Amino acid sequence: MEVKIGVQHAPREIVLESGQSAEDVERAVADALAGKAQLLSLKDDKGRKVLVPAERIAYVEIGEPTTRRVGFGTL
């Protein structure tokens, strides 16, 4: 699923494809915003880890799980 993270004082948002469930991402964001963790830590599909300081999070947008399309078709 696609996750977009807005960071304060940054001109661009962070966009990553994550294999984590929406509930896992939401729980990690809630823990960071509640002060339980100083960093928001998420893993993307390629195994990379994205760390964002909790006090710099402006917004988090959690997308729907996407299925891979195969073949040719209209977009």
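The values are calculated or read from the model by the stated rules, or taken from the named source; none is laboratory data. Quick caveat: nothing in here was measured; it's all calculated off a predicted structure. When we count neighbours, we look across all protein chains shown, and the Cβ atoms used for this are built from the backbone with ideal geometry, even at glycine. Areas reflect the complete protein model, heavy atoms only, side chains present, ligands, DNA and RNA absent. Shrake-Rupley method; radii C 1.70, N 1.55, O 1.52, S 1.80 Å.
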Among (1) modelled with pLDDT of 90 or more; (2) open to solvent by 70 Å² or more (accessible area, probe 1.4 Å); (3) acidic (Asp, Glu) - the single one Glu64 does not satisfy: (1)
Near pairs, Cβ below 6 angstrom, 6+ apart or cross-chain, from segment 1-12 (more than 17 Å from Ile62 (Cα to Cα)) to any residue that is open to solvent by 80 Å² or more (accessible area, probe 1.4 Å): Gln8/Arg56
Considering residues of segment 11-28 that are more than 9 Å from the chain's Cα centre (by Cα) and aliphatic (A, V, I, L, M) only, the residue farthest from Lys49 (Cα to Cα): Ala22
Condition met for Lys43 (farther than 15 Å from Pro53 by Cβ and among the basic types (Lys, Arg)): yes
Any strands (runs of 3 or more DSSP E) falling wholly within segment 12-58 and containing at least 2 residues that are loosely packed, with under 12 Cβ neighbours inside 10 Å: 49-53
Pick from segment 1-11, criterion of a type in the set (A, V, I, L, M) and in contact with a Lys or Arg (Cβ under 9 Å, 6 or more places away or on another chain), ranking: surrounded by the most Cβ atoms within 10 Å (Cβ to Cβ): Val7
